[in-house]
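Asker: Pasting in a structure now, in structure tokens, and then I'll have a few things to ask.
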Amino acid sequence: MTIKKIQLVLTAILIAVPTLIFSQTKITGLQIIENVYNRETGNDMEGDLTMSLINSRGDQRVRKIKQFIKDFDKMEKKIMFFVSPADVRNTSFMNWSYGEAGKGDDQWIYLPALKKVKRISSDSNSDYFMGSDFTYDDLGDRHPTDDTHKIVREETVNGEECYVVESVSKDEDYMYSRTVSWIIKDKWIGLKKEFYDEDEELLKTLTVKKYEKINNYWTVLSSEMHNVQKDHTTKMELANVKLDTGIPANKFTERIMKRGL
């Protein structure tokens, strides 16, 4: 082989090696959850939320809520106003989630009967929100580094290719022993999530029923949380969604919680 041919072969190998290394590089469980956490959802959003509570007998209670969310760069604020029925009307809930690892959410609830805004303590994170199957912790925005994550397999669900990721809290006292999430590969939407209790028994399952692109952002419009141990279900349906309308920053205050819509 001539020197010129040898040089050509070496050049081809040097070009191919980085490509080979790149092709063999696999995404990690943490990176998958970070992609979900950092998915673009717009600067702000408002919409009408319908919460349906369904017990084991099929009896249903329906609650109407007006919801507002705004991104503040290093934090996200959410406020919810209950519109109906009469027994919960004018109740409001506010959540501030922080981008800083290890910093828990700040949460408040306003109960009109007491005419007082109550701050939700960390000890109450495992309490269920307004009779639903969502805990206060579920309503927050958990930082990816609060847990350790590993990919357990890949599956196709409803025609969507998904990573299946198991997450275990770094806090031994956390309410869930682990969670398992099905993440759509190209959309970074959590299509399904299983929650396991302290005894490693399946407690409840969250399933996304409908999602679509609005203003070029993938948006979840319908989801369902089913508590398998109580045979109780909470359905969440979002309608009349508006994105990037410029919701004012002062919308997310205790004063507004008391004043209402």
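Asker: Specify which residue in the list Asn227, Ala101, Asn38 is farthest towards the positive end of the charge dipole of the chain, using unit charges on the beta carbon of Lys, Arg (+1) and Asp, Glu (-1), about the Cα centre.
Answerer: Asn38
Asker: Could you work out how far apart the two model spin labels at Val180 and Lys26 are, taking each label as a point 7 Å from the Cα in the direction of the beta carbon, and quote it in nm?
Answerer: 1.8
Asker: Along the Cα→Cβ direction, 7 angstrom out, place labels at Asn43 and Ser124. What is the inter-label distance in nm?
Answerer: Result for the modelled spin labels: 3.4 nm.
Asker: In whole Hz, what ³J(HN,Hα) sequence does segment 245-259 give by Karplus (6.51, -1.76, 1.60; θ = phi - 60°), x for Gly and Pro?
Answerer: Once rounded to whole Hz, the list reads 9, x, 4, x, 5, 6, 6, 10, 9, 5, 4, 5, 4, 6, 6.
Asker: Angle, helix 3-24 long axis vs. longest principal axis of the chain, Cα atoms, 0 to 90°, nearest 10?
Answerer: That helix lies at roughly 20 degrees to the long axis.
Asker: If you take the square roots of the eigenvalues of the alpha-carbon gyration tensor of segment 123-169 and sort them as a ≥ b ≥ c, do you get rounded (a/c under 1.5), prolate (a/b over b/c) or oblate?
Answerer: The shape class here is oblate.
Asker: What Kirkwood Rh does segment 60-110 have if only Cα atoms enter the pairwise 1/r average? Answer in Å.
Answerer: About 12.1 Å, per the Kirkwood formula over Cα pairs.
Asker: Can you tell me the convex hull volume per residue for segment 28-259, based on C-alpha atoms, in Å³ to the nearest whole number?
Answerer: It comes to 130 Å³ per residue, whole-number rounded.
Asker: What is the distance in Å between the Cα centroid of segment 159-212 and that of segment 75-89?
Answerer: So the two Cα centres are separated by 26 Å.
Asker: Here's another thing I want to ask about it. Straight-line reach from Lys74: which lysines fall under 16 Å, measuring Cα to Cα and dropping same-chain residues less than 8 apart?
Answerer: Counting by Cα, and skipping residues close in sequence, Lys74 has these lysines nearby: Lys103.
Asker: Follow-up. Could you give the size of the charge dipole of segment 28-259 about its Cα centre, using +1 on the Cβ of each K and R and -1 on the Cβ of each D and E, expressed in debye and rounded to the nearest 20?
Answerer: Result for segment 28-259 is approximately 1380 debye, rounded to the nearest 20.
Asker: Another question about this same structure. Hey, can you rank 39-47, 74-82, 51-59 by average C-beta count inside 10 Å, highest first? Walk me through the numbers before you get to the answer.
Answerer: Values: 39-47: 17.0, 74-82: 19.3, 51-59: 12.8.
Top of the packing list down: 74-82, 39-47, 51-59.
Asker: Expressed in whole Å with the largest first, what are the equivalent ellipsoid semi-axes of segment 94-231 derived from the C-alpha gyration tensor as the square root of 5 times each eigenvalue?
Answerer: Listed largest to smallest, the semi-axes of segment 94-231 are 26, 19, 16 Å.
Asker: Under 5 Å between amide hydrogens, which residues at least 5 positions from Thr135 or on another chain qualify, with H placed 1.01 Å from N in the peptide plane?
Answerer: Amide H neighbours of Thr135, under 5 Å, 5+ apart: Phe129.
Asker: Mind ordering 174-183, 229-238 by average Cβ neighbours within 10 Å, highest first?
Answerer: Those peptides, ordered most packed to least, come out 174-183, 229-238.
Asker: Another one. Show me 245-256, 124-135 ranked by packing, highest mean number of other Cβ atoms within 10 Å first.
Answerer: On the way: 245-256: 12.8, 124-135: 16.7.
So the order, starting with the most tightly packed, is 124-135, 245-256.
Asker: State log₁₀ I(q)/I(0) for segment 157-261 at q = 0.17 Å⁻¹ as given by the Debye formula over alpha-carbon point scatterers of equal weight, solvent excluded.
Answerer: -0.99
Only the coordinates and a few stated rules stand behind these numbers; no lab work does. Fair warning: this is a prediction, and the values are worked out from it, not measured in the lab. All Cβ positions, glycine included, derive from the backbone under ideal geometry; neighbour counts span all protein chains shown.
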